[in-house]
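First the structure, in the form of structure tokens, and then the observations on it.
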Amino acid sequence: MLPPRSVRSPDVGIAVPSHYGQCFGCGSDHPTGLHLRVVAGEGLTLTAELLVRETHQGSPGLAHGGLVAAALDEVLGSLNWLIGTPAVTARLETEYRRPVPVDSLVHLSAEVTGVVGRKVYCRGEARLGSVDGPLAAEACALFVQVPLEHFRQHGRSQDVEAARANLAPGESRAYEVNP
């Protein structure tokens with residue numbers, strides 16, 4: 001069963017805020033990160049685009065498979081912004097369908113397929129060039145909703161405090177992952 005979309009989630013076509021500037025997937029401050037701009041879709045769906053750069057190589061001229069999985073994990077995890085509850089990856093299964101060359105534009109899409117208790121089930125795709133491009137990889141994931149205390153308890157304290165300090169006075173997010 002699907003929950004309703006959170007009233008605090010971004011509107012369709014609006015970017016989902018980064019939860020932390022140093023996040024490898026969505027953070028704009030990470031020097032070698034993916035810098036994904038994740039956009040809210042209809043219902044419980046999201047899209048993003050990834051430009052595969054030279055620093056993303058595994059084999060010569062091809063994206064590292066773990067990088068493709070990381071991009072899918074980021075987009076799948078961002079679905080939790082639409083539900084309005086923080087969650088962490090419990091399982092990520094990625095099936096690779098074709099190589100992803102350096103300089104490729106990869107279109108990522110994700111959707112929530114079900115929520116049972118604290119478990120959030122979702123699936124996503126990575127397609128070359130466009131939403132209708134050749135399928136490069138697909139993934140299914142399980143996220144587990146956690147209280148905000150989870151991040152304080154397990155995160156490195158100076159990073160948690162830095163994330164809190166980066167909020168402007170009075171600024172808030174749909175949920176503060178690193179309060």
**Fill in**
Surrounding charge for Val88, neighbours by C-beta under 12 angstrom, Lys/Arg +1, Asp/Glu -1, total +2
**Asked** How much length is gained on full extension from Leu148 to Ala15, taking 0.36 nm per residue of separation minus their Cα-Cα distance?
**Response** 45.6 nm
**Request:** Place a +1 charge on the Cβ of each Lys and Arg in the chain and a -1 charge on the Cβ of each Asp and Glu, then give the dipole magnitude about the Cα centre in debye, rounded to the nearest 20.
**Result:** 360 debye
**Asked** Which whole-angstrom value gives the distance between the alpha carbon centres of segment 69-96 and segment 12-39?
**Response** 13 Å
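Filter the GluC sites (Glu not before Pro) in segment 1-66 to those in DSSP coil with at most 16 other Cβ atoms within 10 Å of their Cβ, and list the result.
Details: sites: Glu42, Glu49, Glu54; in loops: Glu42.
The qualifying sites are Glu42.
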**Item:** Leu105 versus Gln22: modelled label distance in nm, points set 7 Å from Cα along the beta carbon direction
**Value:** 3.3 nm
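Taking neighbour counts of Cβ atoms within 10 Å as a proxy for exposure, in what order, fewest first, do Leu62, Leu128, Leu50 appear?
The order, fewest Cβ neighbours first, is Leu62, Leu128, Leu50.
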**Asked** Rounded to the nearest 500, what is the chain's calculated 222 nm mean residue ellipticity when only DSSP H runs of at least 4 contribute -39500 (n - 2.57) each, over all residues?
**Response** -6000 deg cm²/dmol
**Item:** Relative contact order, percent, the chain [alpha-carbon distance under 8 Å, six or more residues apart]
**Value:** 21 percent
**Complete:** Along principal axes, largest first, the alpha-carbon spread of segment 1-152 in whole Å comes out as 43, 31, 28
**Prompt:** If you place +1 on the Cβ of every Lys and Arg and -1 on the Cβ of every Asp and Glu, how big does the dipole about the Cα centre of segment 88-141 come out, in debye to the nearest 20?
**Reply:** 260 debye
**Prompt:** Taking only Cα atoms, what is the 0 to 90° angle, nearest 10, from helix 65-83's long axis to the longest principal axis of the chain?
**Reply:** 40 degrees
**Message:** Quick check for you: which residues of segment 68-107 have the amide N under 17 Å from the point 7 Å beyond the Cα of Leu2 toward its beta carbon?
**Reply:** 76-85
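Every number in this text was worked out from the coordinates using simple rules, so none of it is lab data. Just so you know, these numbers come straight off a predicted model, no measurement behind them. Ideal geometry is used to build each Cβ from the backbone, glycine not excepted, and the neighbour counts take in all protein chains shown.
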